[in-house]
Amino acid sequence: MNFSEVFKQSNQLCKVSPDGKYLATCVQYRLVVRDFNSLQIAHLYTCLDPVMHMEWSSDSLFILCAMYKRGLVQVRQAAHCVLPRRTHDLRVTVWSLCTKSVSYIKYPKACQKGMDFTADGRYMALAERRECKDYISVFVCDNWHLLRHFESETQNLAGLEWSPNGCVLAVWDSCLEYKIILYSLDGRLLSSYSAYEWSLGIKSVAWSPSSQFLAVGSYDEKVRILNHITWKKITEFEHPTTIINAKAVVFKEVEKRPVVGSEDLSIHQLTVDNSLFSTQSKYEITQLPAQVPVIKPDPDRANPKIGISALAISADNRYLATKNDNMPQSLWVWDMLRLSLLAVLVQTAPVRCFVWDPHRPRLALCTGNTKVYLWSPAGCVSVNAPVEGSFQVQSLFWHCSGSSLVLLSKEHICLCYMEAEEEK
């Protein structure tokens, strides 16, 4: 791997344009747009207030910046339409930057994920709340014509998400009830699934890229896989405290702090370079049965740290990665072809973020230290980011080509380039 120099950013606002050519970052009042290959500044804009949210248009030509304190949105050569929500979720305002017309959509519901667009951008689904009931409206994005409006069979809708092919809308209830409902584009009820009652329910949902599977994570520490033909469960994955599956490999991160002699030190290294003092780590394969570190959640606190909070399916639909909140140091990888556990990565610190390569079965993760971790069917690797100062990786994401990773610390960003042999 190779690493770029470090650049400043604020509020974790760093995004690559959909075409992969530009990298946009926000530093307080400034919006900085760089050429991704050269990292040279292409555009520099000054906003009226610190930017709290940023989005690229789908054609990569325009950028939206939201300044929440002012209730203001600024668009640099903006896309055709911008959809900001009004304060207190009273309505959604659609501003057309082509015709300069304004439209309003009433009663948007304030929930975990109440709005979603199909992958091709043709349709938008919006969750609404009227007269103590949940409704869903489907709009055609070209002219914002209302295509369908129907009542949702939920008690308290928590989120909705289109399948990648845009044919099915998944809608799930709040955590107080395990219920997920599948609707067609025209609003027909396709199926409804509930695994159990009288206990905390759904915590996370993820579609497979092919739209053939829907993974549902819940507070009972299980992931259930639904198929796209009958929308019934085909299997469920448990997260046991002891790994006994002989087909699974447990990779445990082992740290080792290097011993530094006085002859290795210099004033420059003591004041700038932290590489000499960085804790090195590697993965070791643990013999089975293997114990997984577990924390006991506080039952008296809201949103207890238990259950499957994050799910991600690889681009080839072959692998599923999961995180169980009361096992925060472990990342689980499942084989979707054999429907079995494939690997468990046990880290020395809680997993903060993990994301699949957009083209290959390769998983990147971080734990808030100076390292980047990669898993693939060939094994695991731990790489220390050799940047000046203390660069603690808080989150990361892939470039759309899969050739590089963007690493974010609290106030900086750094690019990690994959070498040619690593991309094969």
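Among the residues of the range 126-170, what is the count of those that are of a type in the set (Gly, Ala, Ser), under 27 Å from Cys98 (Cα atoms) and more than 20 Å from the chain's Cα centre (by Cα)? First the steps, then the outcome.
Kept after step one, since they are of a type in the set (Gly, Ala, Ser), are these residues of the range 126-170: 127, 137, 152, 158-159, 163, 166, 170.
If we keep only those that are under 27 Å from Cys98 (Cα atoms) as well, we get 127, 137, 166.
Okay, now just the ones that are also more than 20 Å from the chain's Cα centre (by Cα), so 127, 137.
Total meeting the criteria: 2.
State all residues of the range 38-57 that are open to solvent by 60 Å² or more (accessible area, probe 1.4 Å), part of a loop (DSSP other than H, G, I, E, B) and in contact (Cβ under 8 Å) with a residue 12 or more places away in the chain; if no residue qualifies, say none.
Passing the criteria: Leu48, Met52.
Are there strands (runs of 3 or more DSSP E) fully within the range 189-272 with at least 1 residues that are small (Gly, Ala, Ser) and modelled with pLDDT of 95 or more? List them.
Values: elements: 189-193, 202-207, 213-218, 222-227, 233-238, 249-256.
Result: 189-193, 202-207, 213-218.
Please enumerate the residues belonging to the range 207-218 that are surrounded by fewer than 21 Cβ atoms within 10 Å (Cβ to Cβ) and either of a type in the set (Ser, Thr, Tyr) or closer than 14 Å to Trp334 by Cβ (or both).
Ser210, Ser211, Phe213
Failed condition for Thr230, given (1) closer than 29 Å to Asn165 by Cα; (2) touching a residue at least 40 places away in the same chain (Cβ under 8 Å); (3) of a type outside the set (Gly, Ala, Ser), with all others met?
(2)
Would you confirm whether any residue within the range 392-408 is more than 24 Å from Ala315 (Cβ to Cβ) and open to solvent by less than 30 Å² (accessible area, probe 1.4 Å)?
no
Among the residues of the range 1-19, which ones are assigned to a loop (DSSP other than H, G, I, E, B) and surrounded by fewer than 17 Cβ atoms within 10 Å (Cβ to Cβ)? Steps first, please.
Filtering the range 1-19 down to residues assigned to a loop (DSSP other than H, G, I, E, B) leaves 1, 4-6, 9-13, 17-19.
Scanning the range 1-19 gives Met1, Ser4, Glu5, Asn11, Gln12, Pro18, Asp19.
Do you know which residues across the range 363-380 are in a loop (DSSP other than H, G, I, E, B) and without any contact (Cβ under 8 Å) to a residue 60 or more places away in the chain?
Within the range 363-380, the subset in a loop (DSSP other than H, G, I, E, B) is 367-370, 377-378.
Within the range 363-380, Thr367, Gly368, Pro377, Ala378 meet the criteria.
Do you know which residues across the range 332-347 are over 11 Å from Val292 (Cβ atoms) and not polar (S, T, N, Q)?
Val333, Trp334, Asp335, Met336, Leu337, Arg338, Leu339, Leu341, Leu342, Ala343
Condition first: in a loop (DSSP other than H, G, I, E, B) and of a type in the set (Phe, Trp, Tyr). Can you find one or more residues in the range 347-362 that meet it? Outline the logic, then answer.
Applying the first criterion (in a loop (DSSP other than H, G, I, E, B)) to the range 347-362 yields 347-352, 357-362.
Adding the requirement that they be of a type in the set (Phe, Trp, Tyr) leaves none.
Within the range 347-362, not a single residue is in a loop (DSSP other than H, G, I, E, B) and of a type in the set (Phe, Trp, Tyr).
Out of curiosity, is Val381 touching a Pro at 6+ places or on another chain (Cβ under 8 Å), closer than 22 Å to Gln280 by Cα and among the hydrophobic types (A, V, I, L, M, F, W, C)? Explain how you work it out, then say what you get.
Details: touching a Pro at 6+ places or on another chain (Cβ under 8 Å): no; closer than 22 Å to Gln280 by Cα: yes; among the hydrophobic types (A, V, I, L, M, F, W, C): yes.
Spelling it out, it is not the case that Val381 is touching a Pro at 6+ places or on another chain (Cβ under 8 Å), closer than 22 Å to Gln280 by Cα and among the hydrophobic types (A, V, I, L, M, F, W, C).
More than 18 Å from Tyr104 (Cα to Cα), in contact with a Cys (Cβ under 9 Å, 6 or more places away or on another chain), modelled with pLDDT of 95 or more and not charged (D, E, K, R): which single residue out of Leu169, Leu160 fits that description? Before the answer, list the steps.
Values: Leu169 fails: in contact with a Cys (Cβ under 9 Å, 6 or more places away or on another chain).
Only one candidate passes the filter, namely Leu160.
One line per residue, one yes/no per condition, for (1) charged (D, E, K, R); (2) touching a His at 6+ places or on another chain (Cβ under 7 Å); (3) within 30 Å of Asp357 (Cα to Cα):
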{"site": "Leu146", "(1), (2), (3)": "no, no, no"}
{"site": "Trp172", "(1), (2), (3)": "no, no, yes"}
{"site": "Gly187", "(1), (2), (3)": "no, no, no"}
{"site": "Lys203", "(1), (2), (3)": "yes, no, yes"}
{"site": "Ala206", "(1), (2), (3)": "no, no, yes"}
{"site": "Val216", "(1), (2), (3)": "no, no, yes"}
{"site": "Arg224", "(1), (2), (3)": "yes, no, yes"}
{"site": "Lys233", "(1), (2), (3)": "yes, no, yes"}
{"site": "Thr242", "(1), (2), (3)": "no, no, yes"}
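The values are calculated or read from the model by the stated rules, or taken from the named source; none is laboratory data. None of the values given here were measured: they were computed from a predicted structure. Reconstructed Cβ throughout: ideal geometry from the backbone, glycine too, with neighbour counts over all protein chains shown. Please note that ligands, DNA and RNA were not included when accessible areas were found on the heavy atoms of the full protein model with its side chains. Shrake-Rupley method; radii C 1.70, N 1.55, O 1.52, S 1.80 Å.
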